[in-house]
1. Which three extents, in whole angstrom, do the alpha-carbon atoms of the chain cover along their principal axes, largest first?
2. Can you classify the range 1-71 as rounded, prolate or oblate using the Cα gyration tensor, where a ≥ b ≥ c are the square roots of its eigenvalues, rounded means a/c under 1.5, and otherwise it's prolate if a/b beats b/c and oblate if not?
3. So which DSSP H runs in the chain come out at 30 Å plus along the axis (Cα) with average Kyte-Doolittle of at least 0.0?
4. Go through the cysteines of the chain and tell me which have no other cysteine Cβ under 4.7 Å away.
5. Just from its helices, what would the mean residue ellipticity at 222 nm be for the chain, if runs of 4 or more DSSP H residues each count -39500 (n - 2.57) and the sum is divided by every residue, rounded to the nearest 500 deg cm²/dmol?
Amino acid sequence: MAESTPCGVCRIHAGAAGAEQQIHRGGVWLLRHHPLPAPLPGWLVLDSLRHVGGAIDFDATECADLGPMLQRSSALVRDLTGCERVYAIAFGEGARHFHLHLIPRHGADAATESWGVADLYRQVAGGGRTAADPELVAQLVARAREATAAW
Ligand SMILES: [Zn+2]
């Protein structure tokens, strides 16, 4: 897209924002940490490099590659955070560009359970809940870059 694009995801891909949260760019995907303020440490986001609104617009390569990339990225979230499960949610409303939220689900933290994680998200965005420590996020991004270097 053009440099003047209003798409926030394309702006991130162009390095205009969030470069410090980018983890891995390869094939047709870009994996990054959620921008600051992050709702949870280890909340990653998997973007299509192409500006497409959702899976309905995927080309053959994106279709074939999503499964393996989703599996590796979800395992990375678990390895980084020690969570038991990893949620995958894509709305595409904040930016009409496919970006799949990969959310650590911790059994001991009820706030991360099912749709409760949406309440957690809104609380952080509204300042009613403390966001993830930016230093911890930076450490996780560094670890994730090492872990994905061979992808
Ligand atoms: Zn875009």
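Laboratory data are not the source of any read-out in this text; all were calculated from the coordinates shown. Treat the numbers as computed from the prediction; the structure is a model and nothing was measured. Neighbour counts are summed over all protein chains in view; Cβ atoms, including those assigned to glycine, are modelled from backbone coordinates with ideal geometry.
1. 40, 32, 28
2. Working: a/c = 1.99, a/b = 1.18, b/c = 1.68.
Since a/c reaches 1.5 but b/c is at least a/b, the shape of the range 1-71 is classed as oblate.
3. Working: long enough: 60-81 (32 Å, 0.05).
Correct list, ordered by number: 60-81.
4. Cys with no partner Cβ under 4.7 Å: 63, 83.
5. Working: 4 runs with 53 residues, N = 151.
After summing the helix terms and dividing by the residues of the chain, the value is -11000 deg cm²/dmol.
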